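The values are calculated or read from the model by the stated rules, or taken from the named source; none is laboratory data. These numbers come from a predicted model, not from an experiment. Backbone-built Cβ (ideal geometry, glycine too); neighbour counts: all protein chains shown.
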């Protein structure tokens, strides 16, 4: 990075630094912001005025205390006027949400996947988005952009879905096609970003979480697919080709069961929804819906309890490995299988506790995802916020 | 990050951006540098003049071509006037090197470890460093700093060795004590940084490598310990507590052999020097020197060949897992066991090729380390260069 005279970029960097500072420490006054960021008080005042006018920040009412002198006005993120739209395209359904700057879900539309043809899916997705755009506008909200999470590898610069094996899709110009459909529906020129589902899910924890934010933060998603979204040094970590975090395809057992990817002994063959279904049914093939597995557990079905415990134990091993690879500050667990609850998660915890005890180290913080089944869609909205708050990433090559 | 009026910092950022640009593309002219960095030609000229005077850059002789007009002067990193000292403290020996900005090893001192008491080791290390400092000064070189790589977990901000299990050391104020010893020897006030051995080894590949540099770059060290140094987005990646990359303690087999860390089935129990020795000797205990194992291989000792192949196969599994976790642009293999050559490395390759074939993906680039047994000491020198070229990391909080 070099620092040159691009005034509009420097202004945007400073504006967004103020928003991030308020996000870290809600309630700072202008004077405290100046101290926090190193900007002069007059610069802060000018920029804050704009940010309040545009809907990024709001001023809280100042409490009259009876003390002499005016108390400084605390500033907060505004949860009312700006919003993002986040969408999840999964193999079962399309979910579209309107999400506030503070991470509140304002509106929501969910419907079953209308087929697996990309053009059919994108057309339907555009319709759902367009309804929420209209709703947002009629509510007087300004939309910052649209994020989409898909279960596959994405070239995020171009919004191309390189590979989504469960549909199966390959090299789909998702972002371009979605933009065209939206334009046709009278919603032109809005920022669109597409990214892997578990990657954006990690952002749902990070962008709407409270300080101090952990570094690294890992979101481990366990559903039909098993994978991780990783945040390192305040950014999504994607790897050389966007495949980083494919921990479901790390080997947990030499010459283990054949995985959907073709390898043998992948974590997914022990932990994923398919593996648990196979253990319950007694043979490979069918993937049981999470609701079915949950009901079997509630009725104390012996095979199901055993299957959940076995998968949970392997989940513990996978988390132990993630711990050694990344030394995360926090691991967040999400995905459909985490909805199975106790027998699955308890077995994982038991396994992990034993590893920690054996090596005498303290485990990282491990939590369930705060948005549950909405993690991917909320995270897709968070992707827009994440990008806008970091203008250098968009306009500058930082090397 | 905010951009404020700290002129001296802005100047340093721009200066080091010019050095990094020349490192990426050797031979750029001042005009090309201006285009590359976005700085004005006059700023570039002023800064380059200083950088040439100080020994960072040198101007190449301009070839007279007979064409009309003056050809622009190509600029290169200067390999003569500035240098760093890099040291490795291993369980066997202390190595200290003087390394040029371009990564050439200028001087070298190696001697056996004089015991495992930290104070004894640090005193001896200081003596060796002081001799090389004197030599460098008499050769007219200016030293930018001293880097030290140690086999353990380091709090790099304070240069404290938190845990080095093989000595065993715990909470050693390495940087402070080394600075005191050096001051006593008449070498005061020089920048000192301490870091994990495999982490700095990764920097030996990164700071002295040629463009384009891979992102992420992983250095996988296989010796008595097995671990990875990781570079992500142009920085060392250390994790929440500095333990990231401890891949030798990821589980390759449930309920496998007990590891030195207390866990069972860690990668180190299959791949490390201790594991190979155990396989050769037939029982646990002794760690055979790498030279002994190599001689046994040369004499076609059946048990040794089998042990090397078995360990190599597991190395392949570990690399496959690193591939799925990090999606690296390049994996560099180093450490004493990589000196075993064919039976070990061929088995790893065979294993990896099968994984790649099964899943239909292309493996990342895999290379042997360019500095071999000197990787850690050269990398420790690279750590100083890495830090100086990134002044924002040192003086600014980038969030």
Practice prompt. Identify all residues within segment A:159-197 that are in a helix (DSSP H, G or I) and either closer than 30 Å to residue B:244 by Cα or modelled with pLDDT under 95 (or both); write none if there are none.
Written response: A:197
Worksheet item: Quick one: how many residues across segment B:339-356 are surrounded by fewer than 23 Cβ atoms within 10 Å (Cβ to Cβ) and either closer than 14 Å to residue B:223 by Cα or out of contact with any helix residue (DSSP H, G or I) (no Cβ under 6 Å at 6 or more places or on another chain) (or both)?
Response: 11
Worksheet item: Out of all the residues in segment A:140-158, which are more than 13 Å from residue A:178 (Cβ to Cβ), assigned to a loop (DSSP other than H, G, I, E, B) and modelled with pLDDT under 95?
Response: A:151, A:152, A:156, A:157
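Count, please, the residues in segment B:91-105 that happen to be buried (at least 18 other Cβ atoms within 10 Å of the Cβ) and touching a strand residue (DSSP E or B) at 6+ places or on another chain (Cβ under 8 Å).
Of all residues in segment B:91-105, those buried (at least 18 other Cβ atoms within 10 Å of the Cβ) come to B:94-101, B:103.
If we keep only those that are touching a strand residue (DSSP E or B) at 6+ places or on another chain (Cβ under 8 Å) as well, we get B:94-101.
Residues in segment B:91-105 being buried (at least 18 other Cβ atoms within 10 Å of the Cβ) and touching a strand residue (DSSP E or B) at 6+ places or on another chain (Cβ under 8 Å): 8 in total.
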Worksheet item: Looking at (1) closer than 25 Å to residue B:234 by Cβ; (2) surrounded by 24 or more Cβ atoms within 10 Å (Cβ to Cβ); (3) more than 9 Å from chain A (Cβ to nearest Cβ), can you tell me which one residue B:324 breaks?
Response: (3)
Practice prompt. Only residues that are under 22 Å from the mean Cα position of the chain (by Cα), free of Cβ contacts under 8 Å to residues at least 12 places away in the same chain and more than 24 Å from residue A:322 (Cβ to Cβ): list them for segment B:308-354, please.
Written response: none
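Answer with yes or no whether residue B:200 is more than 7 Å from chain A (Cβ to nearest Cβ), farther than 23 Å from residue B:380 by Cβ and either buried (at least 24 other Cβ atoms within 10 Å of the Cβ) or at pLDDT below 95 (or both).
No.
If we keep just the residues of segment B:327-352 that are in a loop (DSSP other than H, G, I, E, B) and closer than 24 Å to residue A:243 by Cα, which is farthest from the other protein chains (Cβ to nearest Cβ)? Quick ask: steps written out before the conclusion?
Start the filter on segment B:327-352 by keeping residues that are in a loop (DSSP other than H, G, I, E, B), which leaves B:327-329, B:335, B:341.
Subset that is closer than 24 Å to residue A:243 by Cα: B:327-329.
Numbers: B:327: 3, B:328: 6, B:329: 4 Å.
My answer is B:328.
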Practice prompt. Identify all residues within segment A:39-51 that are part of a loop (DSSP other than H, G, I, E, B) and either buried (at least 19 other Cβ atoms within 10 Å of the Cβ) or modelled with pLDDT of 95 or more (or both); write none if there are none.
Written response: A:39
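Could you list all residues from segment A:1-22 that are more than 10 Å from every other protein chain (Cβ to nearest Cβ) and modelled with pLDDT of 90 or more?
Looking only at segment A:1-22, we keep the residues that are more than 10 Å from every other protein chain (Cβ to nearest Cβ), and these are A:7-8, A:12, A:19, A:22.
Matches in segment A:1-22: A:12, A:19, A:22.
Just to verify a result, which residue in segment A:229-247, among those that are in a loop (DSSP other than H, G, I, E, B) and touching a residue at least 40 places away in the same chain (Cβ under 8 Å), is nearest to the other protein chains (Cβ to nearest Cβ)? Reasoning before the result, please.
If we filter segment A:229-247 for residues that are in a loop (DSSP other than H, G, I, E, B), which is where we start, we get A:233-234, A:237-246.
Among the residues that remain, those that are also touching a residue at least 40 places away in the same chain (Cβ under 8 Å) are: A:234, A:238, A:241-243, A:245.
Numbers: A:234: 6, A:238: 7, A:241: 6, A:242: 7, A:243: 4, A:245: 7 Å.
If we take residues in segment A:229-247 being in a loop (DSSP other than H, G, I, E, B) and touching a residue at least 40 places away in the same chain (Cβ under 8 Å), then A:243 is nearest to the other protein chains (Cβ to nearest Cβ).
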Discussion item. Quick test of your reading of the structure: residue B:295 fulfils all but one of (1) free of Cβ contacts under 8 Å to residues at least 24 places away in the same chain; (2) more than 25 Å from the chain's Cα centre (by Cα); (3) on the phi < 0 side of the Ramachandran plot; (4) within 14 Å of chain A (Cβ to nearest Cβ). Name the failing condition by number.
Written reply: (4)
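Which residues, counting only those in segment A:353-374, are within 11 Å of chain B (Cβ to nearest Cβ) and in a helix (DSSP H, G or I)? Step through it out loud before you land on a result.
Keep residues of segment A:353-374 that are within 11 Å of chain B (Cβ to nearest Cβ), which gives A:354-362, A:364-365.
Once the filter is applied, which keeps residues that are within 11 Å of chain B (Cβ to nearest Cβ) and in a helix (DSSP H, G or I), segment A:353-374 yields A:354, A:355, A:356, A:357, A:358, A:359.
This table checks each residue for (1) without any contact (Cβ under 8 Å) to a residue 60 or more places away in the chain; (2) farther than 17 Å from residue B:92 by Cα.
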| residue | (1), (2) |
| --- | --- |
| B:109 | yes, no |
| B:132 | yes, yes |
| B:162 | no, yes |
| B:167 | no, no |
| B:174 | yes, yes |
| B:198 | no, no |
| B:214 | no, yes |
Worksheet, complete the sentence: The number of residues in segment A:115-130 that are touching a residue at least 12 places away in the same chain (Cβ under 8 Å) and farther than 20 Å from residue A:200 by Cα is 7
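Can you say whether residue B:226 is within 14 Å of chain A (Cβ to nearest Cβ), in contact (Cβ under 8 Å) with a residue 60 or more places away in the chain, touching a strand residue (DSSP E or B) at 6+ places or on another chain (Cβ under 6 Å) and farther than 26 Å from residue B:127 by Cα, as far as the supplied structure shows? Talk me through it step by step, then tell me what you get.
Values: within 14 Å of chain A (Cβ to nearest Cβ): yes; in contact (Cβ under 8 Å) with a residue 60 or more places away in the chain: yes; touching a strand residue (DSSP E or B) at 6+ places or on another chain (Cβ under 6 Å): no; farther than 26 Å from residue B:127 by Cα: yes.
So residue B:226 fails the test.
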Practice prompt. Of all residues in segment A:248-282, count the ones that are facing another protein chain (nearest Cβ under 10 Å), part of a helix (DSSP H, G or I) and over 23 Å from residue A:218 (Cα atoms).
Written response: 0
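Among the listed residues B:88, B:54, identify the single one that is farther than 20 Å from residue B:188 by Cα, at pLDDT 95 or above and in contact with a helix residue (DSSP H, G or I) (Cβ under 8 Å, 6 or more places away or on another chain). I'd like the intermediate steps shown before the answer.
Values: B:54 fails: in contact with a helix residue (DSSP H, G or I) (Cβ under 8 Å, 6 or more places away or on another chain).
After ruling out the rest, the residue left standing is B:88.
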